[in-house]
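The values are calculated or read from the model by the stated rules, or taken from the named source; none is laboratory data. Note that the coordinates shown come from a computational prediction; the quantities given were computed from them, not determined experimentally. Because the Cβ atoms are built from the backbone with ideal geometry, glycine has one as well, and the counts that use them run over all protein chains shown.
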């Protein structure tokens, strides 16, 4: 395996520490601070509140739901194939370059030690004296974290029905610098794969919707491994073994689990709706972990004067959620559960008079706060078929609210309608 291949393997591996339950990453929702349980007017209902499937082909449709006819029409369905990723690429590439420099230093020190018939430790110290840049490199890698996320989604949603298959790959590595022997440590390595299906049912003259979904989840998990940076061959061999283990064990039924999602959505009036969901009700542990159900309640306000379903349609939402209420595992405080945000979507180029069914370019801007940390995002849709999105948000990496922010920057592209 050459160095380019090693770089590719590392890039596919580095990621983040998962929550206890596998979590789908929606850039639309994350850019709104994660407040989405009462928004759910597209395929994201599959992941936040199945009752929201009742909204598809109803918003902006005067025949089916006249009290919400002023929304931009959301077509007959929502089908997308999406790939996305996140990571500090410049930080990763600089770390890779620095690791190569350290490896060269150790190799040269070993050669000097063999010639002088002295210990390698003495030769390393002599190299550090002659080349101060190595000391700076080692000091900069004192528990230096590297991150990347990868996701693949295949989703389809229609009025009152939807299904999806998605995968997330991640790992939580860091580098520990040391004057004698620096280490590359892979804390945890995950691959999560989920298949889900569900539907919604409308009652009370279409003001109240209830949703139910089922899912099967597979998680591959590898425990901590520690690799000496000084030995390039050791890193290569160890990473090859981890990839082989992940491939060999991926279809092991012992790490499959089954779960249910429940949701309700209530349209209080033409501008306000409330939502609640109880998700991740698993019937067995997943990869040895007990999964905590996610109970979330929220509200969405969409003022009529800000919405339009003319040819140049516009949609505006303001939402707030109190999320993951059962999770007190990390001494979370009130703000850790509070998410709120807004979004505005505007059609920039369309054929007027066709009820927004032929729109060429639409732009969505969003912002908010997730657990006290700011979030923002942008999305562009072209011909209804191509979508490009970018978002940033913060996640709590510490053990109390506001201790240690993990800032995520993610982009994705999708095709579909």
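Taken as a whole, the structure places residue 46 among residues that are buried (at least 22 other Cβ atoms within 10 Å of the Cβ) and at pLDDT 85 or above.
I'd like to check something: does the range 157-166 contain any residue that is more than 29 Å from residue 75 (Cα to Cα), modelled with pLDDT of 60 or more, in contact with a helix residue (DSSP H, G or I) (Cβ under 9 Å, 6 or more places away or on another chain) and crowded, with 16+ Cβ neighbours inside 10 Å? Looking for residues that are more than 29 Å from residue 75 (Cα to Cα), modelled with pLDDT of 60 or more, in contact with a helix residue (DSSP H, G or I) (Cβ under 9 Å, 6 or more places away or on another chain) and crowded, with 16+ Cβ neighbours inside 10 Å, one finds none in the range 157-166, hence no. With the structure loaded, tell me whether residue 372 is under 16 Å from the mean Cα position of the chain (by Cα) and surrounded by 14 or more Cβ atoms within 10 Å (Cβ to Cβ) or whether it fails that test. Taking the combined requirement at face value, the residue does not satisfy it.
A search for C-beta distances below 6 Å between a residue of the range 377-388 that is at pLDDT below 90 and any residue that is in a strand (DSSP E or B) and exposed (fewer than 15 other Cβ atoms within 10 Å of the Cβ), counting only pairs 6+ apart in sequence or on different chains, returns 383/360. Considering only residues of the range 256-272 that are at pLDDT 95 or above and in contact with a helix residue (DSSP H, G or I) (Cβ under 7 Å, 6 or more places away or on another chain), which is surrounded by the most Cβ atoms within 10 Å (Cβ to Cβ)? Going through the qualifying residues, I end up with 265.
Please determine, by comparing only the residues of the range 312-331 that are within 26 Å of residue 261 (Cβ to Cβ) and part of a strand (DSSP E or B), which one is modelled with the lowest pLDDT.
Filtering the range 312-331 for residues that are within 26 Å of residue 261 (Cβ to Cβ) and part of a strand (DSSP E or B), the one modelled with the lowest pLDDT comes out as 315.
So is residue 283 under 30 Å from residue 46 (Cα atoms) and at pLDDT 85 or above or not? Here the answer is yes, as residue 283 does meet what is asked.
Determine whether residue 185 is surrounded by fewer than 17 Cβ atoms within 10 Å (Cβ to Cβ), over 22 Å from the mean Cα position of the chain (by Cα), modelled with pLDDT under 85 and part of a strand (DSSP E or B). Considered against the rule, which asks whether it is surrounded by fewer than 17 Cβ atoms within 10 Å (Cβ to Cβ), over 22 Å from the mean Cα position of the chain (by Cα), modelled with pLDDT under 85 and part of a strand (DSSP E or B), residue 185 comes out as yes. Residues of the range 332-350 include at least one that is within 20 Å of residue 278 (Cβ to Cβ), part of a loop (DSSP other than H, G, I, E, B) and touching a residue at least 40 places away in the same chain (Cβ under 8 Å).
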